[in-house]
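The values are calculated or read from the model by the stated rules, or taken from the named source; none is laboratory data. For clarity, every value in this text was computed on a predicted model and none was experimentally measured. Positions of Cβ are generated from backbone atoms using ideal geometry, with glycine treated the same way; all protein chains shown enter the neighbour counts. What goes into the accessible areas is simple: the full protein's heavy atoms, side chains included, and nothing from ligands, DNA or RNA. Shrake-Rupley method; radii C 1.70, N 1.55, O 1.52, S 1.80 Å.
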Amino acid sequence: MYAQLVKSEGTSREDMSPEEIAFQGRIDRNEKIEPKEWMPEGYRKTLIRQIGQHAHSEIVGQLPEGNWITRAPTLERKQILLAKVQDEAGHGLYLYCAAETLGVSRDELLERLHSGDMKYSSIFNYPTLTWADMGAVGWLVDGAAIMNQVPLQRTSYGPYSRAMIRICKEESFHQRQGYAIMMKMANGTPAQKKMAQDALNRLWYPSLMMFGPSDKDSVHSAQSMAWKIKMNTNDELRQKFVDQTVPQAEYLGLTVPDPDLKWNEEKGGYDFSEPDWDEFYQVLKGNGPCNKERLGARVKAWEDGAWYRDAMVAHAKKKASRRPVAAE
Amino acid sequence: MPSLPDIMTPNAEELAKQDGGKGGHAPLPDADQDAFFEFLLRMGDNALILGHRNSEWCGHGPQLEEDIAMSNIALDLIGQTALWLGLAAEVEGKGRSADDLAYLRDVWDFRNLLLVERPNGDFGATLMRQFLFDAFHFHLLQALTGSADPRVAEIAAKSLKEVSYHLERSAEQVIALGDGTEESRKRMQAALDDQWSYALEMFLGDATDVTMAASGIAPDPAGLRQAWDDTVLPVLAEATLDVPDSTFAHKGGKQGTHTEHLGYILAEMQFLQRAYPGAEW
């Protein structure tokens, strides 16, 4: 899940104005809300936070995989990885555009990312240390993202829903390419297999964290779910992810790093250990292994590119002023 | 010490004529197969090393749209690499693959121009390098679509579609940045001054070029200069940039004598293949 702990600002049902009641009625009838239509301020703000955080996650998410583009082991792998990371940038673009329909500019959102006011998914603060991480990120991280994004295709805000439909198509390709790398590694030399297991060991719990804290600790879920900005609870999605992923790990011949993982016949799903939530909150606070590098890289790209963006604007203005006035 | 004959010549066509007109389009003799292999490495290595350099920008571009466009160009170039090096491996006939050529040769066996291995610098310097190369690449590929070797003609035709777009885009950007602000103009002029003497290596022919020209496989590089000038000079003028008056050309890349930069590119690019020999990825 690319959006974590998004603060939701709602009004309780008894305090709702007639407009808000009508709005909630539309949501309940599964009508899509479009940019120019009336919406509660809290809905708009919450969406900006969520879509913005999601967009930031896409562009910060370029970095851990971008880390291996220049070291990809074959020409084909290099092409696939480049295409994948380029897709993430494209997803960022769709999402910033969706956010802009809510009256916030891309520059403003970036400013809030750079100042630390807005977050991106905690998973991208973990390092990619070996080539197997390119497999594990696609398999687990994109897998977890899909788990969250598939239901968001039905989210109440039209532009967000449409962006998610496009994104989901590409994400499933990403997950497959990740799993294909894992297959190669798991069936490869002993060193490659070790690399694959090591990647799973390091990325398993951070992937579980992507769904956010347990529902009982998630204070903003209820309002977002009423607005259909959030479609499932964190725990539901996490359970679904584990149930889907464990057999895939078994097929690879890899071991999920959880001694308490066990099939529970009664609930029809796995029992599994919770991630270390203290670690999760530390990463959110900026104390993850790569927080400084990731945000630093984004800020550097933005600052180093300032002269470029200024020049493009200046040239466009000059060009416009040089254009001969059309004859009457 | 006796003066050594210069392996470079600015006019391969001239030499080809002196060659006694052994050209024609008959199957290449063995010695010429070696030259053909060399030529294909040059094509593949230019695309590989420039694609690699461009890919370094992925995630670090000055604007999301530019990040995407630069990655796209890198992707095209790596795709072209697979085609050129694939054909090189086939022509060599020693059972090597395109990946073997990309990942298991050392610097002295690389045949790319020095220009493409230059460090990226700022985004403007990257675009200037791209533009100077694109203009050459475009005219070279256009000529290669008429190659006596149909495999070369086919790869060239496919690549030309992509490179036409690269050139259009890099020309636009060079114009915009040259004509943008005072600072952007200064940066672009510095990039042009810095890269000009490396760009001129593109037009220096050698014995390999003579053989290729004589057999109708590839054009004489010196013969591309006029078309390159006709493309490049108007763009630089519109970008308000001054064309350096130096005619000095750095050379050696095409023959395997590189700058120090290439070794670092290969150390990074080839790491996995070198650290885990024989593994499949």
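Name every residue in region A:99-121 that is of a type in the set (Gly, Ala, Ser) and in contact with a Gly (Cβ under 9 Å, 6 or more places away or on another chain), in order of residue number. Within region A:99-121, A:Ala99, A:Gly116, A:Ser121 qualify. Once region B:228-270 is narrowed to residues that are surrounded by fewer than 16 Cβ atoms within 10 Å (Cβ to Cβ) and of a type in the set (Phe, Trp, Tyr), the residue that is nearest to the other protein chains (Cβ to nearest Cβ) is B:Tyr264.
From the list A:Glu9, A:Glu31, pick out the single residue that is outside any helix (DSSP H, G or I), in contact with a Gly (Cβ under 9 Å, 6 or more places away or on another chain) and at pLDDT below 95. Of A:Glu9, A:Glu31, the one residue that is outside any helix (DSSP H, G or I), in contact with a Gly (Cβ under 9 Å, 6 or more places away or on another chain) and at pLDDT below 95 is A:Glu9.
Every residue, every condition in (1) in contact (Cβ under 8 Å) with a residue 60 or more places away in the chain; (2) in a helix (DSSP H, G or I); (3) among the charged types (D, E, K, R), yes or no:
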site: B:Val232; (1), (2), (3): yes, yes, no
site: B:Val243; (1), (2), (3): no, no, no
site: B:Ser246; (1), (2), (3): no, no, no
site: B:Lys251; (1), (2), (3): yes, no, yes
site: B:Lys254; (1), (2), (3): yes, yes, yes
site: B:His258; (1), (2), (3): yes, no, no
site: B:Leu262; (1), (2), (3): yes, yes, no
site: B:Ile265; (1), (2), (3): yes, yes, no
site: B:Glu268; (1), (2), (3): no, yes, yes
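Of the set (1) touching a helix residue (DSSP H, G or I) at 6+ places or on another chain (Cβ under 6 Å); (2) not in a helix (DSSP H, G or I), all apply to B:Gly216 but (1). Given the condition facing another protein chain (nearest Cβ under 10 Å), open to solvent by less than 40 Å² (accessible area, probe 1.4 Å) and either in contact with a strand residue (DSSP E or B) (Cβ under 8 Å, 6 or more places away or on another chain) or hydroxyl-bearing (Ser, Thr, Tyr) (or both), answer yes or no: does some residue in region A:6-14 qualify? No, there is no match, as no residue in region A:6-14 is facing another protein chain (nearest Cβ under 10 Å), open to solvent by less than 40 Å² (accessible area, probe 1.4 Å) and either in contact with a strand residue (DSSP E or B) (Cβ under 8 Å, 6 or more places away or on another chain) or hydroxyl-bearing (Ser, Thr, Tyr) (or both).
Against the condition open to solvent by 40 Å² or more (accessible area, probe 1.4 Å) and at positive phi, how does B:Gly59 come out, does it pass?
Numbers: open to solvent by 40 Å² or more (accessible area, probe 1.4 Å): no; at positive phi: yes.
Answer is no for this residue.
Each residue in region B:44-56 was checked for being more than 8 Å from chain A (Cβ to nearest Cβ) and either open to solvent by 10 Å² or more (accessible area, probe 1.4 Å) or at pLDDT below 95 (or both), and 2 of them qualify. Where residues in region B:12-37 are open to solvent by less than 60 Å² (accessible area, probe 1.4 Å), over 22 Å from B:Leu160 (Cβ atoms) and of a type outside the set (A, V, I, L, M), which of them is modelled with the highest pLDDT? Checked region B:12-37; the qualifying residue modelled with the highest pLDDT is B:Phe37.
Please specify each residue of region A:38-58 satisfying the condition of being facing chain B (nearest Cβ under 10 Å) and among the hydrophobic types (A, V, I, L, M, F, W, C). Within region A:38-58, A:Ala55 is the sole residue that qualifies. Screening B:Leu115 against (1) over 15 Å from B:Ser159 (Cβ atoms); (2) open to solvent by less than 10 Å² (accessible area, probe 1.4 Å); (3) within 12 Å of chain A (Cβ to nearest Cβ); (4) not aromatic (Phe, Trp, Tyr) leaves a single unmet condition, (3).
Residue-wise test of (1) away from every other protein chain (no Cβ under 13 Å); (2) farther than 20 Å from B:Val174 by Cβ; (3) hydroxyl-bearing (Ser, Thr, Tyr).
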{"site": "B:Gln80", "(1), (2), (3)": "no, yes, no"}
{"site": "B:Ala88", "(1), (2), (3)": "no, yes, no"}
{"site": "B:Leu104", "(1), (2), (3)": "no, yes, no"}
{"site": "B:Arg111", "(1), (2), (3)": "yes, yes, no"}
{"site": "B:Asn120", "(1), (2), (3)": "no, no, no"}
{"site": "B:Phe136", "(1), (2), (3)": "yes, no, no"}
{"site": "B:Arg151", "(1), (2), (3)": "yes, yes, no"}
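Taking helices (runs of 4 or more DSSP H) as the structural unit, those lying wholly within region A:275-328 and holding at least 2 residues that are closer than 27 Å to B:Gly121 by Cα correspond to A:291-304, A:306-322.
Evaluation of B:Val107 against the conditions (1) open to solvent by 10 Å² or more (accessible area, probe 1.4 Å); (2) under 27 Å from B:Gly223 (Cα atoms) shows that the sole unmet condition is (2). Region B:87-177 holds helices (runs of 4 or more DSSP H) entirely within its bounds, and those carrying 1 or more residues that are closer than 23 Å to B:Leu200 by Cα map to B:114-117, B:123-144. In this entry, A:Arg294 passes the filter for residues that are within 14 Å of chain B (Cβ to nearest Cβ) and touching a residue at least 24 places away in the same chain (Cβ under 8 Å). If you go through region B:180-200 and keep only what is buried (at least 19 other Cβ atoms within 10 Å of the Cβ) and over 17 Å from B:Pro62 (Cβ atoms), you end up with B:Gln189, B:Leu192, B:Gln195, B:Trp196, B:Tyr198, B:Ala199, B:Leu200.
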